[in-house]
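Before any comments, here is the structure.
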């Protein structure tokens, strides 16, 4: 089967988000930074927006102090218009402090806005997410 141009672009967007998962799990800040556009802005839950050097320092510190293992990751709706892509995802991970401690599992939903770069590659330009509430008693 031959992929349409839209399908090929969607797969490129998926590849960037899957590389983000790999970078987080490996704790590789340099790899993570290579996936971000120069003007990347993250909008973390219950925190101020992060961009520029502040964003990179914040991500580096997170990766240095926390070990993450994804339990699941699912691509959701992905819309591509010209040089922008909007990608929705859901995921779950287990985090543990690298210094030790109890693992904590969380579920998330989020959205990336990716921007096509001059060389045709895609990079994460905006990222926003929040955690799902913990399941209540049945």
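Derivation of every value follows stated rules applied to the coordinates shown; laboratory data play no part. Note that the coordinates shown come from a computational prediction; the quantities given were computed from them, not determined experimentally. Every residue, glycine among them, receives a Cβ derived from its backbone with ideal geometry; neighbour counts consider all protein chains shown.
Values for this structure:
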read-out	value
Number of the exception - residue 106 against (1) part of a strand (DSSP E or B); (2) exposed (fewer than 15 other Cβ atoms within 10 Å of the Cβ); (3) within 14 Å of the chain's Cα centre (by Cα)	(3)
Helices (runs of 4 or more DSSP H) within region 1-98 that include 2 or more residues within 14 Å of residue 111 (Cβ to Cβ)	5-26
So residue 88, is it in contact with a strand residue (DSSP E or B) (Cβ under 6 Å, 6 or more places away or on another chain), without any contact (Cβ under 8 Å) to a residue 24 or more places away in the chain and at negative phi	yes
Residue match in region 35-45 (condition: farther than 16 Å from residue 95 by Cβ and surrounded by fewer than 12 Cβ atoms within 10 Å (Cβ to Cβ))	yes
